[in-house]
Number of protein chains: 2
Amino acid sequence: MKKAVELHKDEYLEELKEYLSIPSISSSPDHKEDVKKAAVWTADALKNAGMENVEVVPTEGHPIVYGEWLHAEDKPTILIYGHYDVQPEDPVDLWETPPFEPVVRDGKIYARGATDDKGQLFIHIKAVELLMKEKGELPVNVKFVIEGEEEVASPNLGPFINDHQDKLSCDAVVISDTSFSDKNQPAICTSLRGALAMELTIDTADSDLHSGTYGGGVPNSIHALVKLLASFHDNNGKIAVEGFYEGVPEPTEDVRREIAALPFDEEETKKGLGLDALYGEEGFSFKERTGIRPTLEVNGITGGFQGEGLKTIVPKEAGAKISCRLVGEQDPQRVYEAIEHHVRKYKPQGARVSLQQYIKADPVAIDSSNPFIQAAASAYEDIYQVRPLFPKEGGSIPIVEVFGRVLDAPVVLMGFGLPSENLHAPNEHFHIENFTKGIETMCRYLHKL
Amino acid sequence: MKKAVELHKDEYLEELKEYLSIPSISSSPDHKEDVKKAAVWTADALKNAGMENVEVVPTEGHPIVYGEWLHAEDKPTILIYGHYDVQPEDPVDLWETPPFEPVVRDGKIYARGATDDKGQLFIHIKAVELLMKEKGELPVNVKFVIEGEEEVASPNLGPFINDHQDKLSCDAVVISDTSFSDKNQPAICTSLRGALAMELTIDTADSDLHSGTYGGGVPNSIHALVKLLASFHDNNGKIAVEGFYEGVPEPTEDVRREIAALPFDEEETKKGLGLDALYGEEGFSFKERTGIRPTLEVNGITGGFQGEGLKTIVPKEAGAKISCRLVGEQDPQRVYEAIEHHVRKYKPQGARVSLQQYIKADPVAIDSSNPFIQAAASAYEDIYQVRPLFPKEGGSIPIVEVFGRVLDAPVVLMGFGLPSENLHAPNEHFHIENFTKGIETMCRYLHKL
């Protein structure tokens, strides 16, 4: 199969470039048509790969693309999930080449969506296409469910799965939207943090006020905001919201040992990210902090005058975007309520506060002894000559929990990205070697099932 | 003179509208040509008023407009200062009518610069024009110095005054860039707070990082910024920067009594500004907080993702614009150094901090017993039938201190604005009654000298 992949490599890359050039930013209303265009492109790619009953299913948001091939009688059925939408490109001035003009440099393809998730998703499409073209059939039954709202927390996919349980029934769900542990170390993720996001707005006055005339005598919305945001963490990196840690398991010695065994080089990490120091919750290592501990991060702040130079005002309004990563038995709704309570309790005098919830997703834990996961591990080992690790990932894929629960099937998180590939950041890229080896690995996997 | 003003009122208003329609925003490089246009317009207005030796003097920034009439032998010379530049218009969507399309509504003229300072400055130009046209001469010698950089802290006017001490020598400096105490209560300001402004930037990493992969394990520039900004004030509204209050006088009982006598209605103020509560330094009244106490205000913050929806990043960079109002013997440079020391001392782990200073201006106190001020008070009383108050203003006009010191002349701050006229805010306006009565007051004043 390696030869076949090599033979088609350039052709596949050209197709991937075309896919990546569509700015399918799901969070931006301005890109609605682009997202639709990417959906149609995905559907065409599935048809071209020999999938049947391919549909672009409209939803209240962006469409879901479905396709299937169900002629492997008495063989298991796998459902492959991926997403064709991407993160916003900003800050666009930090990209070395434009985010939606894909280029290949040093064995990597650079573009928004290269690794998250168009590139990884395309591995699956090309794997089934190759098998179909070589043999005219697949060794297992395959269903594709590809959405365009992963980056906005999949508001319409959950209802779709709930409404189509029979159509989507399967023996395992396969998703490639995670990463290797390290350059040469494949990984099958066995734990995902849950997620919760919200927007906090503070206002004090009807309009910005002259800081000379009113400064010192009226509440300042930014002062109120920074006091409130600063109160979310204590000085040891712990989250200071009462009730936040409810449901967070104390890590056992076994878990800590398992995590300590994962590859991690502090100096290299700092250097690679341009950090002077790592930082986080006291008493935990970097891998623990990012893998099994919950977080509360402010993702953005805005308020007052932001132009060139200065404007001496007391700003009337300020706001922040906040998101949490959740673990163990943390309940997103209860965590949200704890934060809401904290905000009401500590809101400074004269500040009017509003809190708006965006997304919530439960944390997920997956048993790695499952045969579908063990088969995946074996496929990786065949192609990469190294046994994959089973790390606990810090990220969230909100729909994973829904797939597992509603379809009652194990979820196999076969990542082909690398942690260094700048996902959600400027200069996102994907290693072409993992694209081609990924196709080989998937072909091998489907045969093993 | 009242009749003459009434006769020309409509014509003057049309001219003022033309003046206000020039978007002479000095802080914006995009408006450099507009600022120049306003300078030329100002010079033409001076020529038209009969001023001689009118010049548009280029500087490293925006031009200074000069004009004079020096034929009143053995009479005093007054120097009239004003500024033809204006504040930025944003947030532009909160303006009821466009900021640079002046309109008259309910006896007020609405536009950016209406009260600060084009409208007030125009009073002086029209007063001398009227006197010149009626009598062919003025009762005193007059020099005009009108700058285009007041809203960016007059970087080039100080050197200009220093370099032209003979040319600018005078018996008094008259400035109309302040306010009445209240609608029917004229005021001559006898104290101005000093000013200091700076920009604080914090960065942590080379790029924004995925909050799932790295969240909880790396420093977050916004967390660092809000901790630092929150540390500037304690929970009683006092500024918690060591050494900040050095040189701030403890108010005497006399001063407190004088301030307490100024008109102030807390409920009306709150209602007018849309505030739930006033807020400030414990142990001081609103009028004290805004008149004789120093402040440290965050005027703007920015950082991370600010678009629609959400982006789950750990932001690499965040920043704030900060300004202070200073009083008494506070030295702007020492206050800046105290803040710099505070920032270095309390900067959170992993945060790289940079601080850039914008402006500094010394506080000013003026003796109200000066005859030029007493004559001004008498002119107000003749026109408004009420004796003006001598309040201590919270604002800063950095150049006032320089005028007083370098030219060794008393500064007469004859305001014609109202505190409610939204200066530096959307829907800035100027009461036409004070425009016309202002012209009458100035004519009376020049005669009294």
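Some values worked out for this structure:
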item	result
Cβ-defined net charge surrounding residue B:410, 14 Å radius [Lys, Arg +1; Asp, Glu -1]	-3
Sequence ranges A:307-316, B:334-343, ranked by mean other-Cβ count within 10 angstrom, highest first	A:307-316, B:334-343
Tensor-based shape of region B:101-236 (alpha-carbon gyration tensor, a/c under 1.5 rounded, otherwise prolate or oblate)	prolate
Under the Karplus curve 6.51 cos²θ - 1.76 cosθ + 1.60, θ = phi - 60°, whole-Hz ³J(HN,Hα) for region B:309-326, x wherever Gly or Pro sits	x, 9, 8, 8, 10, 9, x, 7, 8, 8, x, 9, 9, 10, 9, 10, 10, 10
Angle in degrees between helix A:332-346 and the longest Cα principal axis of chain A, rounded to the nearest 10	10
For region B:357-449: rounded, prolate or oblate by the Cα gyration tensor [a/c cutoff 1.5]	oblate
Among A:350, B:426, A:58 the positive-end extreme of the charge dipole of the protein assembly as shown (Cβ point charges)	A:350
7 Å along Cα→Cβ, label-point gaps from residue B:277 to other copies, nm, shortest first	3.5
Other-chain or far-sequence residues with amide H under 5 Å of residue B:194's (modelled H)	B:326, B:327, B:364
Set of aspartates and glutamates near residue A:75 by C-alpha distance (under 16 Å), chain-local residues within fewer than 8 positions excluded	A:137, A:171
Dipole magnitude of region B:103-192, debye to nearest 20 (Cβ charges: Lys/Arg +1, Asp/Glu -1, about Cα centre)	420
Efficiency of FRET from Cβ geometry, residue A:7 and residue A:340, R₀ 41 Å, rounded to 0.05	0.10
Neighbourhood charge, 13 Å Cβ-Cβ cut-off, centred on residue A:13 and excluding it, Lys, Arg +1 and Asp, Glu -1	-1
Whole-Hz ³J(HN,Hα) from phi, Karplus 6.51 cos²θ - 1.76 cosθ + 1.60, for region B:148-158, glycine and proline x	x, 9, 5, 6, 10, 6, 6, x, 10, 6, x
Pairwise FRET efficiency - residue A:163 versus residue A:56, Cβ, R0 = 22 Å, nearest 0.05	0.85
Two-site label geometry, residue A:14 and residue B:73: point separation in nm, points 7 Å out along Cα→Cβ	9.5
Alpha-carbon centroid distance for the pair region A:65-132 / region B:138-199, whole angstrom	64
Karplus-derived HN-Hα couplings along region B:127-138 (A = 6.51, B = -1.76, C = 1.60, θ = phi - 60°), whole Hz, x at Gly and Pro	5, 5, 4, 4, 5, 5, 6, 6, 10, x, 7, 10
Label 7 Å beyond Cα on the Cβ vector: residue B:93 copy-to-copy distances, nm	2.3
Tilt relative to chain B, helix B:32-48 - C-alpha long axis, 0 to 90 degrees, to 10	20
Using alpha-carbon coordinates, inclination of helix A:398-407 to the longest axis of chain A, degrees	50
Candidates A:289, A:325, A:257: whichever shows maximal mean-square fluctuation once chain A is modelled as a Gaussian network with Cα springs under 10 Å	A:257
Residues with amide H under 5 Å from that of residue A:358, placed H, sequence gap 5 or more	A:197, A:198, A:199
At 7 Å out from Cα toward Cβ: residue A:14 inter-copy label distances (nm, ascending)	7.0
Span from the region A:214-258 Cα centroid across to the region B:332-402 one, whole angstrom	37
Residues with amide H under 5 Å from that of residue A:103, placed H, sequence gap 5 or more	A:110
The protein assembly as shown, helix-only ellipticity at 222 nm - DSSP H runs n ≥ 4, -39,500 (n - 2.57), divided by all residues, nearest 500	-10500 deg cm²/dmol
Fluctuation leader among A:58, A:91, A:363 - chain A, Gaussian network, Cα springs under 10 angstrom	A:91
Rg(Cα) / (2.2 N^0.38 Å) computed for chain A, rounded to two decimals	1.04
GluC sites (Glu not before Pro) restricted to region A:141-242 and DSSP loop, no more than 13 other C-beta within 10 Å	A:242
Long pairs among A:36/A:287; A:118/A:183; B:2/B:143; B:47/B:448; B:32/B:238; A:287/A:321, criterion Cα-Cα beyond 30 Å	A:36/A:287; B:32/B:238
Mean separation of Cα contacts under 8 Å (6+ apart) over length of chain B, as relative contact order %	26
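Rule-based calculations on the coordinates, nothing more; no lab input. This is a predicted model, so every value here is computed, not measured. Here the Cβ is made from the backbone with ideal geometry for all residues, glycine too, and neighbour counts use every protein chain on show.
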